Structures are given as structure tokens and as C-alpha cells.
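Every number here is computed from the coordinates shown, using simple stated rules; none is lab data. Only a predicted model underlies this, so the values are computations on that prediction, with no experimental measurement involved. All Cβ positions, even for glycine, are placed from backbone atoms using ideal geometry, and neighbour counts span all protein chains on display.
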Amino acid sequence: MSVRINWFKKHSDSMTFGEKLADSVASGMGSWRFIIIQTIIVITWMALNVVALVYHWDPYPYILLNLLFSTQAAYAAPIIMMAQNRQSDRDRVKADEDYKTNVEAKKEIESLQIRLNNIDVEKLDKIIAILERMESK
């Protein structure tokens, strides 16, 4: 028995480690979990710098925090774009597979229509033959 691998499995198997990592990072950064965790970190960062009694490592206007966000954005943007490009590739492969499936289905439907038409013609021929026999009696 042969196992047929679907398009997604083929596409996933062909991905490199870097591509899988980029997809994973983009997926994580595009989640509510990431937004919530990042918000908690920012609020904690600001609160600790506001109430720090002895040492403010990043006093207002939080230049170090802005630098961290800029660095994060500098790396996040290309990673997210790589993931979007791969999504486009997946969509293209899926559309191609859908097209092939539709072509096969169309051929099967046309074949069934021909067979049904032949059955109808055979039935009509039998009905006509029966009517002709009844008429000749």
C-alpha cells in the first residue's frame, strides 16, 4: 500500500532549519502571548526605573529600552518578511495542488456524465423496443 504525502507535508519536509526557525519566531511574535509578555516586561522596566531608590539603570526617557525595541524591530522585520514569503510559496503550492485536484475531479465528472448518458440512451432504446413490440401486437 503506497502512502500519498500531501502538499503541506512535502513543503514542510523541504524547509531548512533557518526557514523553520524564522516561521517559529514570526508565529511567536504575532501572538497575544508575546504582546502580553512584552507589555509586562515594559511596565516592569519602567516601574523599576521610576521607583529605583539607589540606581536608575535606564532613567526617563528610557533610551536603553528604546534601543532594545529598535534592535528587536531590526531583526523582527526581516524574519517576519521571510515567513510571509514562505507563506506565499505555501499558498502558491496549495493553489497548484487544488487546481490539479479540480482537473482530476472534472475528468471524473465528465466520465460519469458520459456513462450516465449512455445508460439513459440504453434505457430509451429498450423503452422504444418495448413500445414497438407492443405496437406490433
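Results, tabulated for the structure shown:
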{"read-out": "Folded to 0 to 90 degrees: helix 32-51 orientation relative to the chain principal axis, Cα", "value": "10 degrees"}
{"read-out": "Net +/- balance of residues flanking A105 in space, Cβ distance below 14 Å, scoring K and R +1, D and E -1", "value": "-2"}
{"read-out": "On Cα atoms only, tilt of 17-29 relative to the major axis of the chain in degrees", "value": "70 degrees"}
{"read-out": "All lysines inside 26 Å of K94 as judged from Cα atoms, apart from same-chain residues fewer than 8 positions distant", "value": "K9, K10, K20, K106, K107"}
{"read-out": "Kirkwood-based shape ratio for segment 55-137, expressed as Rg/Rh from alpha carbons", "value": "1.76"}
{"read-out": "Simple Cβ-charge dipole of the chain, Lys/Arg +1 and Asp/Glu -1, about Cα centre, in debye nearest 20", "value": "240 debye"}
{"read-out": "Under 12 Å, Cβ to Cβ, from E19 - net charge with Lys/Arg +1 and Asp/Glu -1", "value": "0"}
{"read-out": "Convex hull per residue volume in Å³, alpha carbons only, for segment 16-101", "value": "105 Å³"}
{"read-out": "Cα-based reach from K123 at 22 Å (exclusive), listing lysines while leaving out same-chain residues under 8 positions away", "value": "K137"}
{"read-out": "Packing-based ranking, highest mean first, of 93-99, 17-23 given that Cβ atoms within 10 Å are counted", "value": "17-23, 93-99"}
